[in-house]
Amino acid sequence: MLKTTNHNIYDEWLKKEASTLKSLINQNEISVPKFYDFFKIKNTSNLLMSFENGITLSEALNSNIPHKQKLKLIEKFGQYIYHLHSLDTNKFHFKHDDWLTHQLIKAEKYLNSNQTEGNQKLLTILKKEKPKYMKQTIIHGDYTIDNVLINLDGSFKFIDVSGMEIGDPRYDEALAIRKFINKHDYLNAFYKGYQYNKITFVEYNYFCNGLYEFF
Ligand SMILES: Nc1ncnc2c1ncn2[C@@H]1O[C@H](COP(=O)(O)OP(=O)(O)OP(=O)(O)O)[C@@H](O)[C@H]1O
Ligand SMILES: [Mg+2]
């Protein structure tokens, strides 16, 4: 699988995705595609990785499989991120940093270079109304229903991992439930699998309708 970009901000993200995949080669606790190579040609950045069979959760939910099976997949989607959030951060090569402060600095940088949909007013609010600190964990960093692959055997794999680092698990939680925030059966299924935390409405809003706007 060759993932290619030719744009400033995406080049930066692809490089980070490559280095994350590279750092995860010799382990089996976090399931991701295998890193093969990262290279630049002309104006493009390129990441070569293993092609993984399967479909995204988003595709599965849009298919005509039975409703019960969709609920089971959403529960597994919750379980899968619960597992990631429960891992011992010291066992991996992720930097320990003040994640939220760092994200806000990046948001400002993207804003100043017109590379984001967020705006100055929103950024000011996000800086002023940071949620109460919560223990940091390994996070996926963009845990949407588009960024997991489900194999035929039912196993899951994380893809699009440029945001994987040590950070606030509520960010993953918020993005995970975003597409079915008003669907009670889907939400219940998610929290059957995800027993790490239950985000408040204010926190959900901060991460999903706030911080995420900048990325
Ligand atoms: N290693 C892989 N093996 C098989 N399919 C993959 C792999 N990586 C990505 N894909 C497929 O490509 C799609 C896009 O990949 P990815 O999520 O990494 O890109 P993206 O940065 O979100 O780009 P876009 O915004 O265009 O979707 C995925 O939804 C998935 O269907
Ligand atoms: Mg993606």
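The values are calculated or read from the model by the stated rules, or taken from the named source; none is laboratory data. Keep in mind it's a predicted model, so treat the numbers as computed, not measured. Glycine gets a Cβ as well: all are built from the backbone with ideal geometry, and neighbour counts include every protein chain shown. These accessible areas exclude ligands, DNA and RNA; they are computed on the full protein's heavy atoms, side chains included. Shrake-Rupley method; radii C 1.70, N 1.55, O 1.52, S 1.80 Å.
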Counting just the residues of segment 181-206 that are touching a residue at least 40 places away in the same chain (Cβ under 8 Å) and closer than 20 Å to ILE125 by Cβ, which one comes out most open to solvent (accessible area, probe 1.4 Å)? VAL202
GLY54 being among the small types (Gly, Ala, Ser) and within 11 Å of ligand 1 (Cβ to nearest atom): yes
Per the list (1) within 17 Å of the chain's Cα centre (by Cα); (2) open to solvent by 30 Å² or more (accessible area, probe 1.4 Å); (3) farther than 22 Å from PHE190 by Cβ, residue check on ASN53 breaks on (1)
If I go through segment 135-167 residue by residue, how many of them are among the β-branched types (Val, Ile, Thr) and closer than 19 Å to THR89 by Cβ? 5
Taking the condition of being open to solvent by less than 20 Å² (accessible area, probe 1.4 Å) and away from ligand 2 (no atom under 13 Å from the Cβ), how many residues in segment 155-180 meet it? 13
Would you call SER58 open to solvent by less than 40 Å² (accessible area, probe 1.4 Å), more than 19 Å from LYS76 (Cβ to Cβ), hydroxyl-bearing (Ser, Thr, Tyr) and touching a helix residue (DSSP H, G or I) at 6+ places or on another chain (Cβ under 9 Å)? no
What is the number of the single condition among (1) surrounded by 20 or more Cβ atoms within 10 Å (Cβ to Cβ); (2) more than 23 Å from LYS135 (Cα to Cα) that HIS67 does not meet? (1)
For segment 127-154, how many residues are within 16 Å of ligand 1 (Cβ to nearest atom) and modelled with pLDDT under 95? 3
Please specify each residue of segment 1-56 satisfying the condition of being assigned to a loop (DSSP other than H, G, I, E, B), within 16 Å of ligand 2 (Cβ to nearest atom) and either of a type in the set (Lys, Arg) or within 20 Å of PHE215 (Cα to Cα) (or both). HIS7
Just one listed residue, out of LEU61, LEU87, LEU71, is closer than 27 Å to TYR186 by Cβ, within 16 Å of ligand 2 (Cβ to nearest atom) and not polar (S, T, N, Q), and it is LEU61
Segment 118-143 - residue that is within 16 Å of ligand 2 (Cβ to nearest atom) and part of a loop (DSSP other than H, G, I, E, B) and, of those, most open to solvent (accessible area, probe 1.4 Å): ASP142
Of all residues in segment 146-195 being more than 18 Å from LEU100 (Cα to Cα) and in a strand (DSSP E or B), which is farthest from the chain's Cα centre (by Cα)? ILE150
Any residue in segment 101-115 that is within 16 Å of ligand 1 (Cβ to nearest atom) and in a loop (DSSP other than H, G, I, E, B)? yes
